[in-house]
Amino acid sequence: MSLLVVGLSHRSAPVSVLERAALAPEVRGKLLQDAVSAEPATESAVLSTCNRIELYADVDKFHAGVAELSTLLARHGGAALEELTPYLYVHYEDRAVHHLFSVACGLDSMVIGEGQILGQIKDALAVAQEQHTAGRLLNDLFQQALRVGKRAHSETGIDKAGQSLVTFGLEQLAGSADVEKWAGGKRALVIGAGSMSSLAATTLVRAGVAELAVANRTVERAERLVQILTEPGGPGATGGLTARAVPMDAVAAELAGADVVVSCTGAAGLVLGADAVAAALAGRPDGLALLDLAMPRDIDAAVHRIEGAHLVDIETLADASADAPMAADVDKVRGIVSAEVAAFGAAQRAAHITPTVVALRTMAADVVTSEIARLDGRLPDLDDKQRAEITQTVRRVVDKLLHAPTVRVKQLASEPGGAGYADALRELFDLDPQTVAAVSRADTRADRHDAARERTS
């Protein structure tokens, strides 16, 4: 089996295509199930953010896998396959590992070095585990990607360039002014209460907004966010912040008193139309700043044409990020990624031969047991001490004979091109393929059990 990723991102597709191809949260589980139900794939995970949609799978056929994953992305998204095809990218085996590790480090983000992608990778793995579509390969891959991303942020200065998409968006709204000076004393409206909206609310509070309204379809979630922001020790505990939760049907009314609006929901359609923004700006000389971080968009693109409205959306950010400076430490991060890809590949190749080695040792143990049983029949007068000594001696001989070849074969298998050693070992010792497969299945079940235990601990 081999790792395959098919996807599109802000680097390969215009925002308009990303917007149409976006996956609603409720369909991602079905996408994963359909992926493993398809013949080429045995594992699947989907990484879906505001600027990328990627489907990862362990497949046994490359071309069939690409065709199936591409079809599934189109079927579960909102764009036709023929529309997506020119913008899809494909990475396979080591290149797929390199891609995810680069993504985890923020090298492929719209804002180089941003760290929020780590949370999104963690969420993608959690969903795949909940759907039972992540086996040994994808569990290992995504967990290692998280470690690589954390390593890059702790060992290099990538954080100097890395800022959240929220911060980058607010900087675009503030223009040449410092965000804190620009936001200080303003009245803000945040639409949505998910991770991105929560980060936006926290950033605005820390920047010094005087008032904050949080609107969400489920008001209880908005209330929890307001509570977190204003509780003792929270970012808005001091400074006289006024914060409240409001229902979604109050958004139009809240616009009239807002200076800044940030929206990031999972809604399939528009949350804020041009008419509502125009009505809120009627008779207002001060204008309205709007940041839309949703994919598909929450705020009607026609707002760009309304006098007094300053809208920054994903498309705006994509254009702005193209001119953003790269961090001096990006090369160091790339070096970390390359080294980690090599190490991951070696570990996976070594793990691939482990079931064969286990099967070989199991066969050897069975031979010892059988021969000792035959010896008992030929020499029935042996006492327990003699029998135990003979058994231990035979086992030591077998272990010593197998030790060097099994250690060496693991070393050879971990090197590039070492995949054939498992086949050679099975052929030389006439190992039953079903026995080897049973060991692999047992390991996979143990991995999934461990992953489930980690989620509940």
Inset, instruction - Using only alpha carbon pairs under 8 Å that are at least six residues apart, calculate the relative contact order of the chain and give it in whole percent. - result: 14
Inset, instruction - Please order D366, D300 by the number of other Cβ within 10 Å, starting at the fewest. - result: D366, D300
Inset, instruction - Using only Cα atoms, tell me the angle between helix 330-378 and the longest principal axis of the chain; keep it within 0 to 90° and round to the nearest 10. - result: 30
Legend entry - Distance histogram in 10 Å bins (all Cα pairs of the range 339-437, percent per bin): 15, 36, 25, 16, 6, 2, 0
Legend entry - Rg to Rh, two decimals, where the range 166-321 supplies the alpha carbon set and Rh follows Kirkwood: 0.93
Inset, instruction - List the residues whose amide H sits under 5 Å from the amide H of V209, counting only those 5 or more places along or on another chain, with H placed 1.01 Å from N in the peptide plane. - result: G185
Inset, instruction - Identify all aspartates and glutamates with a Cα-Cα distance to K332 below 13 Å; exclude those on the same chain that are fewer than 8 residues away in sequence. - result: E155, D159, E340
Legend entry - Prolate/oblate/rounded call for the range 7-59, Cα gyration tensor, a/c under 1.5 rounded: prolate
Inset, instruction - Place a +1 charge on the Cβ of each Lys and Arg in the range 339-437 and a -1 charge on the Cβ of each Asp and Glu, then give the dipole magnitude about the Cα centre in debye, rounded to the nearest 20. - result: 220
Inset, instruction - For a footprinting-style exposure proxy, rank Y92, Y421, Y56 by other Cβ within 10 Å, fewest first. - result: Y92, Y421, Y56
Inset, instruction - Per DSSP H run of n ≥ 4, the term is -39500 (n - 2.57); total these for the chain, divide by its residue number, and report the mean residue ellipticity at 222 nm rounded to 500 deg cm²/dmol. - result: -18500 deg cm²/dmol
Legend entry - Ellipsoid semi-axes in whole angstrom, largest first, where each is sqrt(5λ) of the Cα gyration tensor of the range 2-162: 24, 18, 14
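Which value, in Å to one decimal place, does the Kirkwood hydrodynamic radius take for the chain when every pair of different Cα atoms is included?
Answer for the chain: a Kirkwood hydrodynamic radius of 25.2 Å.
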Inset, instruction - Using the Karplus curve 6.51 cos²θ - 1.76 cosθ + 1.60 with θ = phi - 60°, work out ³J(HN,Hα) for each residue of the range 31-42 in order, rounded to whole Hz, and write x for Gly and Pro. - result: 4, 5, 5, 5, 5, 7, 6, 6, 4, x, 10, 10
Inset, instruction - Step through the residues of the range 286-302 one at a time and calculate ³J(HN,Hα) from phi using the Karplus curve (6.51 cos²θ - 1.76 cosθ + 1.60, θ = phi - 60°), rounding each to whole Hz and writing x for Gly and Pro. - result: 7, x, 9, 9, 10, 10, 10, 9, 8, 9, x, 4, 8, 10, 3, 4, 5
Legend entry - the range 2-162 - charge dipole about Cα centre, Lys and Arg +1 at Cβ, Asp and Glu -1, debye rounded to 20: 340
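Rule-based calculations on the coordinates, nothing more; no lab input. Keep in mind the model is a prediction, meaning the values are calculated, not measured. Methodologically, a virtual Cβ is constructed for each residue, glycine included, from the backbone with ideal geometry; neighbour enumeration extends over all protein chains shown.
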